[in-house]
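What follows draws every value from the coordinates through simple rules; no lab data is involved. Here the structure is a predicted model, which means the values were calculated and not measured. Heads up, the Cβs are rebuilt from the backbone with ideal geometry, glycines too, and the neighbour counts pull from every protein chain shown.
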Amino acid sequence: MNRTVDPGPGRSRARASSPSRGVAAALAAALLAGVGVAWLTRDSDAALPPASESGVTRSAAPTAGDAATHAPQSGSPAGTDGSAGPTPPGVRPATQQVGATAAAPDRLTIRRLGIDMRVVPVGVARDGEMALPETPAQVGWYRYGPRPGDDAGSTVLAAHLDMPGYGIGPIAAVGELRTGDVITVRSGDVSRRYAVTSVTQVRKTTLDLAALFARDGPPLLHVVTCGGDFDREQRRYDANVLVSAEPLR
Amino acid sequence: MKSLRIAAATTLALAPAAFLAAPAHAADATVSILHAVPGATVDVYANGKPLLTDFKPGTLTDPLMLPEGTYDLKVTQAGAGAGGAAVIEANDLKVPGGANVTVVAHLSEAGKPVLTPFVNDTSTIDAGKARITVRHTAAAPAVDVRANGTAAFKNLTNPNEAKADLPAGTISADVVLAGTDTVAIGPADLDLKEGTNTIVYAWGSAADKNLKLAVQTLSGMHSAPGGVPAGAGGQAAAARETSEVARYAAVIGAAAAAGGLVLVSRRRAVRAR
């Protein structure tokens, strides 16, 4: 008796709400498909860690700009070369010291991305910003900073993302780098390999330039280009893409 | 009080490395000593205690960290002892806290040995630039210092200095008698390294024809460039916008297609029943 009268609460409810269920299912399918396509076509930038972790934003630890970085130094502090007992200060000829320096970098290669670019030494433009090679085909090495192979500080290599009359430069691909990817920098006869530790996009207004161009601290490689939004009137991007890498032994 | 200061000075100057590893006192000064008196190897005493022995002309000490205060410096012939006759004596030499000072033993314009403390400019230097400081510490009249043949500093007299921040790089420097082309010293190549203060001393005696240059370099005043302008075309941004538009179209299209498909199949199922 029960069987014939009562079709079961589940079935009756299902039948009663059939049209709205159909719409809900359709919406669910649409959402799923949309999210799926969105995920499949997602920008690789979305996978970047937040800028605050990059170590080159102002909020980061005071790696540069602290007293020690800018404390004027010349030679070793008195007495540090004598470990025990009184030692008079070191004395040397008052002539210009000619220190042996490593060769300047001349080639940047990132095999996974097919990047193989000439590196040229650059300095500072008239406006006080880093001077870059005009063509995005070349990479500029900040020649006042550390060289690859130096004991301390960050070697800075930067290239134009794009340029009127040229198009998009090969450096644009560095945004696709992942932790552990290998970057090779050649300096004359010596090639040095670096492993990527971070890829970040930082707004230019919050970029910690002193940390990016650090002359002290661990030896690092910083590869820099532009990113973010482009201001057509100023012809400037509002962010930098920064790749940080450490030497591989 | 004075003996306390002496004790403090000698402790700091001559302490083992472990003690120096402690953070330097804020009021300490960085002091280097340059010997620019021709011919005499000397000993130097600070507040009666030996500071340097067998100090030779044309040599410079590494920087010493000394507590701020006043110091009595005495320079004697090497081996003469603390009680020996003073070649130069300067009492109550002021060493300001936090300052970077070079004390120079040199000849006055008239040829008398003197001690002059110079305060070194260690303020931050703009990216791409180098500071040059020139100091007249020679027994010689007023001079001009030329960089690459052009008078950069004019009419410099003993014991004064002049300085400028220049683009970093190598210059050819020489010293001429003021207002003339008569070269007194040089030319010499100077590598003005970015972010450093290269201090050039003219020393010796014109009468004895032993005028020379001494060079001291202070580093660590560098600063970073103002930015990295690494894109001016906008093509990368445009390409990204294009791909964004295509992406949104794909997302909306896929959503509509999937939703439509489900809706149609549901209607068919209902009608069939």
query = For labels at residue A:97 and residue B:155 in the simple 7 Å Cα→Cβ model, what's the distance in nm?
reply = 3.8 nm
ask   = Over what distance in Å are the Cα centres of region A:94-142 and region A:194-249 separated?
value = 15 Å
inquiry  = What do you get for the angle between helix B:2-14 and the principal long axis of chain B? Use alpha-carbon atoms, 0 to 90 degrees, nearest ten.
reply    = 60 degrees
task = Note down the Stokes-Einstein diffusion coefficient of chain B in µm²/s, whole number, using a Kirkwood radius over alpha carbon pairs, 20 °C, and 1.002 mPa s.
result = 93 µm²/s
key: Residue-wise HN-Hα coupling along region A:220-230, computed from phi with Karplus coefficients 6.51, -1.76, 1.60 (Hz; x: Gly, Pro)   = 9, 10, 10, 9, 10, 8, 9, x, x, 8, 9
query = Amide H neighbours of residue B:101 under 5 Å, counting only residues 5+ apart in sequence or on other chains, H built in-plane at 1.01 Å?
reply = B:30, B:31, B:32, B:120
key: Calculated FRET efficiency for the pair residue A:135/residue B:164, C-beta based, R₀ 41 Å, to 0.05   = 0.75
inquiry  = I need the phi-derived Karplus couplings for region B:219-232: 6.51 cos²θ - 1.76 cosθ + 1.60, θ = phi - 60°, integer Hz, Gly and Pro marked x.
reply    = 10, x, 9, 5, 9, 7, x, x, x, 10, x, 10, x, 9
request  = Using just the helices of chain B, give the 222 nm mean residue ellipticity in deg cm²/dmol: DSSP H runs with n ≥ 4 each add -39,500 (n - 2.57), and the total is spread over all residues, rounded to 500.
outcome  = -7000 deg cm²/dmol
request  = Using only the Cα atoms of region A:167-212, construct the convex hull and provide its projected area averaged over every direction, in square nanometres to one decimal.
outcome  = 5.0 nm²
remark   = Least to most buried among B:106, A:222, by other C-beta atoms within 10 Å and fewest first, runs A:222, B:106
request  = Report ³J(HN,Hα) in whole Hz for each residue of region A:201-207, in order, from the Karplus equation J = 6.51 cos²θ - 1.76 cosθ + 1.60 where θ = phi - 60°; Gly and Pro get x.
outcome  = 10, 10, 4, 4, 6, 10, 5
request  = Report the convex hull volume per residue for region A:118-249, counting only C-alpha atoms, in Å³.
outcome  = 111 Å³
remark   = Taking Cα atoms only, helix B:235-272 is inclined relative to the longest principal axis of chain B by an angle, in degrees rounded to 10, of 30 degrees
request  = Could you check the simple spin-label distance between residue B:210 and residue B:271, using points 7 Å along Cα→Cβ, in nm with one decimal?
outcome  = 11.5 nm
inquiry  = One quarter of the convex hull surface, Cα atoms only: what value does that give for region B:122-222 in nm²?
reply    = 5.5 nm²
query = Among B:185, A:171, A:183, B:252, which comes first, second and so on when ranked by fewest other beta-carbon atoms within 10 Å?
reply = B:252, B:185, A:183, A:171
inquiry  = Can you compute log10 of I(q)/I(0) for region B:137-191 with the Debye formula, treating each Cα as one identical point scatterer, at q = 0.13, 0.19, 0.27 Å⁻¹?
reply    = -0.29, -0.62, -1.15
request  = Please give the FRET efficiency for residue B:41 paired with residue B:180, using the beta carbon to beta carbon distance and R0 = 45 Å, rounded to the nearest 0.05.
outcome  = 0.85
message = Going Cα to Cα from residue A:204, which lysines come in below 30 Å? Please leave out same-chain ones fewer than 8 positions away.
response = B:129, B:193
